[in-house]
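All remarks here apply to the structure that follows.
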Amino acid sequence: MTKKLAEIIPLNNVPLIHCITNDITLETLANTILYLGGKPIMSSDVREFADLFKTTDALLLNMGRLTVNHEASLREASHFAVISHKPVVVDLVGYGMTEQRRKLGDELINHQPTIVKGNISEMRRLVGLPTIAKGIDGDVSDQSDFALQELNHALKELCKRYPKTVFVATGRRDIVVQGERSALLCNGVAALDRFVGTGDMLGAIMATLIGAGAAAWEASSIAISYLNIAGEIADNQTHGLENFRQEMLNQISLLQKKSGWSKNIHSSTFN
């Protein structure tokens, strides 16, 4: 990671990020954006969209806790984003777990969003690979070396249909793919999977970075590493999951002030 890329955090401007997300992690996502130097607006009321899209800098669409109204808001906002050429992060929470989520996810992706993210198992469902994962969580069986290679190859095939979109699969190791380019990122700690909202936070960081002007590949790679390194620091400083959760949020705001944080990024390419 070059110094230039790392300097995207802290932000040089104050992007306004429109988030349509679930009410379970709403406050956490808003604070994450604020901690990075952005401004969130958490609106799912379609009556506001025509005005909001005149001033916002990026859009986060999170499929968590799906309802009829939430689905309608996601669809309408995705439509507005196409018209206004707004950068978009789509978080495929629970993709393929139900037919409704599959159809919605496919429709959002067909609008050619800037970044599409999900955990390893969600992204395996997206590309038609088998998984035994239950619910919205990834399964460890999907994270072997062979399984990651398999998913990397399948995502590259998907990129032929969506050449401008970056696809991100998160887990113990994270995959970032755009076109023929891919990377394997290897930071993080197990505790990040043991409280609600870390995946949603990652989507918020991505949206904040693209709203600040970062390219999709840079925003994806930096967001993953930033979140995971913040988790590593929190894990070293605390005991107990609730203490870890609070310190993790602290580190989201503090890490950007530590020069050289990006030197701790562990990444590689696929063989």
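The values are calculated or read from the model by the stated rules, or taken from the named source; none is laboratory data. Being a predicted model, the structure only gives us computed values, none of them experimental. Note that each Cβ is placed from the backbone with ideal geometry, even for glycine, and that neighbours are counted across all protein chains shown. Just so you know, the surface numbers come from the protein's heavy atoms only, side chains and all, with ligands and any DNA or RNA stripped out. Shrake-Rupley method; radii C 1.70, N 1.55, O 1.52, S 1.80 Å.
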- Query: Where nothing but the Cβ of Lys and Arg (+1) and of Asp and Glu (-1) is charged, how large is the charge dipole of the chain around its Cα centre, in debye to the nearest 20?
  - Reply: 580
- Task: Take every DSSP beta bridge with both residues inside the chain and express the antiparallel ones as a percent of the total, to the nearest 5.
- Result: 35
- Message: Name the residue from Pro113, Leu148, Val168 whose Cα lies farthest towards the positive end of the charge dipole of the range 94-185, charges +1 on Cβ of Lys and Arg and -1 on Cβ of Asp and Glu.
- Response: Pro113
- Considering every Cα-Cα pair within the range 40-87, what fraction, in whole percent, is farther apart than 13 Å? 52
- Run the dipole for the range 172-232 about the Cα centre, Lys and Arg Cβ at +1, Asp and Glu Cβ at -1, nothing else charged, and hand back the magnitude in debye, nearest 20. 100
- Message: Could you give me D for the range 1-159, from Stokes-Einstein at 20 °C and 1.002 mPa s, where the hydrodynamic radius is the Kirkwood radius over C-alpha pairs? Units µm² s⁻¹, please.
- Response: 128
- Query: Of Glu232, Glu122, which has the most accessible area and how do the rest follow, probe 1.4 Å?
  - Reply: Glu232, Glu122
- Message: Only four residue types carry charge here, +1 at the Cβ of Lys and Arg and -1 at the Cβ of Asp and Glu. Report the dipole size of the range 57-191 about the Cα centre in Debye, rounded to the nearest 20.
- Response: 160
- Message: Place a point 7 Å from the Cα of Leu241 along the Cα-to-Cβ direction; which residues of the range 23-39 have their backbone N under 20 Å from it?
- Response: 23-29
- Query: How much of the accessible area of the range 1-116, probe 1.4 Å, is carbon plus sulfur, in whole percent?
  - Reply: 52
- Item | Residues of type aspartates and glutamates that Lys164 reaches as a straight line, Cα spacing below 19 Å, ignoring anything fewer than 8 places off in the same chain | Asp57, Asp91, Asp106, Glu107, Glu180, Glu218
- Query: If ligands, DNA and RNA are left out, what is the accessible area of Ser268 with a 1.4 Å probe, given in Å² to the nearest 10?
  - Reply: 50
- Task: Treat each spin label as a single point 7 Å out from the Cα along the C-beta direction, and report the His153 to Glu99 distance in nm.
- Result: 3.1
- Query: Of the chymotrypsin sites (Phe, Trp or Tyr not before Pro) in the range 189-271, which ones lie in a loop per DSSP and count no more than 15 other C-beta atoms within 10 Å?
  - Reply: Phe195, Phe270
- Taking the Cα centre of each part, how many Å lie between the range 72-90 and the range 1-70? 13
- Task: Using the Kirkwood radius over Cα pairs, work out the Stokes-Einstein diffusion coefficient for the range 1-88 at 10 °C and 1.306 mPa s, in µm²/s as a whole number.
- Result: 115
- Summing -39500 (n - 2.57) over every DSSP H run of at least 4 residues in the chain and dividing by its residue count gives a helix-only mean residue ellipticity at 222 nm, to the nearest 500 deg cm²/dmol, of -13500 deg cm²/dmol
- Message: So with the 1.4 Å probe, I'd like the accessible area per residue for the chain, rounded to whole Å².
- Response: 45
